[in-house]
Amino acid sequence: MGDTVLTDIIAGRKKQIRARTERKILAVTPAAAADHALIPAGPTWKLIDELLADGWSKAELARRLGYSPPVLQFSRAQVTVRNGYEVAQLHARLRSCPAEATLELLAELREEGFRMDHITARLNKLAADSGADAPDLTVRKGRIRADAAALVQRIYQLLTE
């Protein structure tokens, strides 16, 4: 479809279109937007706010996003598709969950006779085998990284079967 057809539709100069043109327009999703296209910032800020609530600072988030100097300067109204995507990826890596269940699983493994260094080595190997970094078992404000919690659950299942 030509650019002029789309421009005419947007401008209201073209009142009727073919069914095929309509299907093509409606098939476009936000995923097709160019990296520099602007999208509403609300969902991106929701993810940032969740990370801030987990104890991450804006400076640390900016550093992990590769910004120098490490300062988050996103509009509250709109962000680029690329920034929204990068924040979503960062959120997926850093998101957390309540630490209590994970700490209980680790305590049960220690009660079963597994040393913490053995558990840590198994966690690191499992992470490496899946292409992930070594899990961060640090508890922040009663929360632990969700990826680490998932690895602990998998190790628990493997070691207690």
> Under the condition of being of a type in the set (Val, Ile, Thr) and in the same structural domain as THR138 (by TED's automatic domain parsing), which residue from the stretch 78-120 is nearest to ALA146 (Cα to Cα)?
Replying inline: THR102
> Name the residues in the stretch 51-104 that are of a type in the set (A, V, I, L, M, F, W, C) and under 16 Å from ASP35 (Cα atoms), would you?
Replying inline: LEU65, PHE74, VAL79, VAL81, VAL87, ALA88
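Assess whether LYS15 counts as being within 25 Å of ILE144 (Cα to Cα) and of a type in the set (Lys, Arg). Show your work before the answer.
Values: within 25 Å of ILE144 (Cα to Cα): no; of a type in the set (Lys, Arg): yes.
Here the answer is no, as LYS15 does not meet what is asked.
The values are calculated or read from the model by the stated rules, or taken from the named source; none is laboratory data. Just so you know, these numbers come straight off a predicted model, no measurement behind them.
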